[in-house]
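The values are calculated or read from the model by the stated rules, or taken from the named source; none is laboratory data. Quantities reported herein were computed from a predicted structural model and do not represent experimental measurements. Glycine also receives a Cβ, built like all others from the backbone with ideal geometry; neighbour counts cover every protein chain displayed. Remember, those area values only see protein heavy atoms, side chains included, never the ligands or the DNA or RNA. Shrake-Rupley method; radii C 1.70, N 1.55, O 1.52, S 1.80 Å.
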Amino acid sequence: MRFKKKALLMVLFMAMLFITGCKEKRFSDLGGMAISMSEDMRVVKNRNATWAMTNGYINAVGIRTDSDDLEKTGLEVNSLSDYVAAYIKGNDIPDNVTVNTEDNYIYFTYNNKESKLTYVNFFYDNGDYYWLVSFACPMGNTYDLYRKDIFKWADSVKFTDN
């Protein structure tokens, strides 16, 4: 009986979330970019990223890469597609990921069975910089709940410098 009560409360809570929607906040001054995400996201430190945020269910990071720095490493990166291919190769991403192209970005999604996380990686070309904006959340229900929001957030990316 308790399980049914908890399940009903959970369903009611989720319904309220969908009806009322999550309020969004514009996060700017993120090393040259701005993004709108759920207001419950909070900035956290991550020394490997230009910026990082979490709300306890989903993690987001932004990484800005100077295209001149890529040349110095010997990588042949002449386009955003080249950058995505180099990223996949250099980060042990499964070869069978489907890379998709939209108007403002290139993206792919993959599941990491070791960490039990779903990653959705968005790549942007801002002239002198390539950007990766990556979202990670537990595989399954959490990803299913946030999928629409993740793409809405990716669509909200704007660059504040060039």
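Helix-only mean residue ellipticity at 222 nm, the chain, DSSP H runs n ≥ 4 weighted -39,500 (n - 2.57), per residue, nearest 500. What is it?
So the helix-based figure for the chain works out to -10000 deg cm²/dmol.
Considering only protein heavy atoms and a 1.4 Å probe, what is the carbon-and-sulfur percentage of the accessible area of the chain?
Of the solvent-accessible surface of the chain, carbon and sulfur hold 51 percent.
Count the net charge of all other residues whose Cβ sits under 14 Å from the Cβ of GLY56, scoring Lys and Arg as +1 and Asp and Glu as -1.
-1
Name the residue farthest towards the positive end of the dipole of the chain from the options TYR83, VAL99, PHE27, assuming +1 on Cβ of Lys and Arg, -1 on Cβ of Asp and Glu, about the Cα centre.
PHE27
Rolling a 1.4 angstrom probe over the protein heavy atoms, how many square angstrom per residue are accessible across region 66-162?
Value for region 66-162: 59 Å² per residue.
So which trypsin sites (Lys or Arg not before Pro) in region 80-152 pass both tests, a DSSP loop state and at most 14 other Cβ atoms within 10 Å of the Cβ?
Passing sites in region 80-152 are LYS113, LYS116.
May I ask you to rank MET139, MET53 by accessible area, largest first, using a 1.4 Å probe over the protein chains only?
Accessible-area ranking of MET139, MET53, largest first: MET139, MET53.
Quote the FRET efficiency, to the nearest 0.05, computed for THR142 versus SER81 with a Förster distance R0 of 30 Å and r equal to the Cβ-Cβ distance.
Calculated transfer efficiency: 0.50.
Of the listed values (1) 1.18; (2) 1.14; (3) 1.02, identify the label whose number matches Rg/Rh (Cα atoms, Kirkwood Rh) calculated from this model.
Label (3) holds the value from this structure.
Could you work out the local net charge near ASN104, counting Lys and Arg as +1, Asp and Glu as -1, over the other residues with Cβ closer than 11 Å to its Cβ?
It works out to a net charge of -3.
Quick one: ranking PHE151, PHE123, PHE159 by accessible area, 1.4 Å probe, largest first, what do you get?
I get PHE159, PHE151, PHE123, largest accessible area first.
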